[in-house]
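Everything on this sheet refers to the single structure shown next.
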Amino acid sequence: MATLTCSASDLASFLNTVNDTSSAASYLCSRFDTISKTLSDTSFAVNTTYLLFSAYLVFAMQLGFAMLCAGSVRAKNTMNIMLTNVLDAAAGALSYYLFGFAFAFGSPSNGFIGRHFFGLRDVPSPLTDYSFFLYQWAFAIAAAGITSGSIAERTQFVAYLIYSSFLTGFVYPIVSHWFWSSDGWASPTRPDNLLFGSGVIDFAGSGVVHMVGGIAGLWGALIEGPRIGRFDQSGRSVVLRGHSASLVVLGSFLLWFGWYGFNPGSFLTILKSYGESGGHYGQWSAIGRTAVTTTLAGCTAALTTLFSKRLLVGHWNVIDVCNGLLGGFAAITSGCSVVEPWAAIICGFVAAWVLIGCNKLAEKLKYDDPLEAAQLHGGCGTWGILFTGLFAREAYVGEVYPGRPGRPYGLFMGGGGRLLAAQIIQILVIGGWVTATMGPLFYGLEKINLLRISREDEMAGMDLTRHGGFAYAYHDEDDSSQKPAFAMRRVEPANVFFTPDNQSV
């Protein structure tokens, strides 16, 4: 490759004779070509660095999930839930490497499933690189982490291994292929035959990630049934409080931080101009706007939950506020790149009420989800998909999904109902697909006694019976759940109480 340096003496030899203009032109062009290639290499390097940094942020959300889950369960199950979060990442890495990435993004393929790049064969290629795999793997294990929260405190360890590998290696990749691969039947980046002339706009995964994880958790929790003591004999709800609000808040902040890789990072690149080069507006501006819409939706949902729960139950509850915050984030994830900041406030406000309504419904149906994962991710994710079909702005849709003038946009923004129709199709097919795959899996595990732990183990706590001891070095004389005689007794409503360390037994 020619060097980037050039001096007057280099050109002098060509300019001494009038007839040597061709050599001078070739010399100058070689330098310009070198500059062009160097700038191209720099562009690839900057975009890859941006994607890798976003992948690290999304992976850091696993720590947020771990802290949130640990704080939301009772102290006697802390080691178990922490181990399942590690397992989601570890088992998910192998299954996504071997099968999942190929099923999701193995182009060229058909509209249903990918069929190349198994075990990252032929990677890197002009179609993909290692950094893209890492980013997508972080998304896959996020979906598995959502599911683990729904079935916490009562699930056998082997069941986590099986469902986590199956979800990240097959169920989730198929859905991401449909909506994110350029070959997917409902993808907005297909070269032709777009669904309703639009394709589904699920930019960062309100449906692909949150609905998949939430619905999978819904079926797991339904098939297992509620935890012992969650509802008394008359059917009244009994609160089984998590043991650490501090861990819940820490986990929520870590998830908030990671969401800036989840949503803005889904652009995949940052060095892209909109219109003529050299201006102040480009993809970097859209990335900033996406971070703003994400922030506003989450914060609005948190404040709405704060005051709504104060009116409904009479006190300020930090756990509810954290869940409301995360519900706002889950909802805005679909349309974060194509809506105005003011619309994100509407998204967050409605998401808070969706979560409150889903929790009320769950209580009436005697559905037990220790982290409200199905309600939060499934319910708010569903609202987020619909929200995009209502509020997507024409100009932003054209920037994020270029090359198709006249593409449908939000119904309330004057774009007609075709995008909304596509979004409704997404909700239906994700619900059907996850039900058809994860429902039978959990049912089969239940039938062969591999899903739920024994009554004795559940009463004593899985840290003691399955993991060799408690997560915390403490001894509480008043904690009757640690006494073998209590663990063997049937729990009646009168036996449900709270110990000084805020455990319910």
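Using a simple charge model, +1 on the beta-carbon of Lys and Arg, -1 on the beta-carbon of Asp and Glu, nothing else, what dipole does the range 195-331 show about its Cα centre, in debye to the nearest 20?
For the range 195-331, the charge dipole is close to 340 debye.
Treat every Asp and Glu Cβ in the range 187-270 as -1 and every Lys and Arg Cβ as +1, leave all other atoms uncharged, and give the resulting dipole magnitude about the Cα centre to the nearest 20 debye.
Here the range 187-270 has a charge dipole of around 320 debye.
Mind giving me the nanometre distance, one decimal, between the label points for SER30 and ASP457, set 7 Å out from Cα along Cα→Cβ?
Each label point is offset 7 Å from its Cα along the Cβ direction, giving 7.3 nm.
Given 0.36 nm per residue, what is the gain on full extension from TYR472 to ARG190 after removing their alpha carbon distance, in nm?
Contour length minus the Cα-Cα distance gives 96.3 nm.
When the accessible area of the range 329-473 is split by element with a 1.4 Å probe, what percent falls to carbon and sulfur?
The nonpolar share, carbon plus sulfur, comes to 64 percent.
Using Cα centres only, tell me the gap between the range 350-378 and the range 105-140 in whole Å.
Cα centres, the range 350-378 to the range 105-140: 35 Å.
How many lysine pairs in the chain, separated by 8 or more positions in sequence or lying on different chains, have Cα atoms less than 25 Å apart?
Qualifying lysine pairs in the chain: 7.
Considering the options HIS210, LEU87, GLY235, tell which one lies farthest towards the positive end of the dipole of the chain, charges being +1 on Lys and Arg and -1 on Asp and Glu at the Cβ, about the Cα centre.
Positive-most Cα among the choices belongs to GLY235.
Assuming 0.36 nm per residue, please report the length gained on full extension of the stretch SER182 to TRP433 beyond their Cα-Cα distance.
88.4 nm
Need the full-extension length gain, SER273 to SER22, defined as separation in residues times 0.36 nm minus the C-alpha distance. One decimal, nm.
86.9 nm
Can you work out ³J(HN,Hα) from phi for every residue in the range 236-243, in order, using Karplus 6.51 cos²θ - 1.76 cosθ + 1.60 and θ = phi - 60°, giving whole Hz and x for Gly and Pro?
Per-residue couplings from phi come out as 6, 6, 10, 6, 9, 5, x, 8 Hz.
Let me know the charge dipole size of the chain about its Cα centre in debye, to the nearest 20, where only the beta-carbon of Lys, Arg (+1) and Asp, Glu (-1) is charged.
With Lys and Arg at +1 and Asp and Glu at -1, about 880 debye.
Whole Å is fine, so just give me how far the alpha carbon centre of the range 239-288 lies from that of the range 174-231.
Cα centres, the range 239-288 to the range 174-231: 20 Å.
At LEU52 and LEU120, where each label point lies 7 Å from the Cα along Cα→Cβ, what is the point-to-point distance in nanometres?
1.2
Going from most exposed to least, what order do ILE162, ILE201 have by accessible area with a 1.4 Å probe?
Highest to lowest solvent-accessible surface, that is ILE162, ILE201.
Whole-Hz Karplus ³J(HN,Hα) for the range 403-418, in order, using 6.51 cos²θ - 1.76 cosθ + 1.60 and θ = phi - 60°, x for Gly and Pro?
Values, residue by residue: x, 9, x, x, 4, x, 9, x, 4, 6, 9, x, x, x, x, 5 Hz.
The values are calculated or read from the model by the stated rules, or taken from the named source; none is laboratory data. Remember, it's a predicted structure, so these values are computed and weren't measured experimentally. When we count neighbours, we look across all protein chains shown, and the Cβ atoms used for this are built from the backbone with ideal geometry, even at glycine. Areas reflect the complete protein model, heavy atoms only, side chains present, ligands, DNA and RNA absent. Shrake-Rupley method; radii C 1.70, N 1.55, O 1.52, S 1.80 Å.
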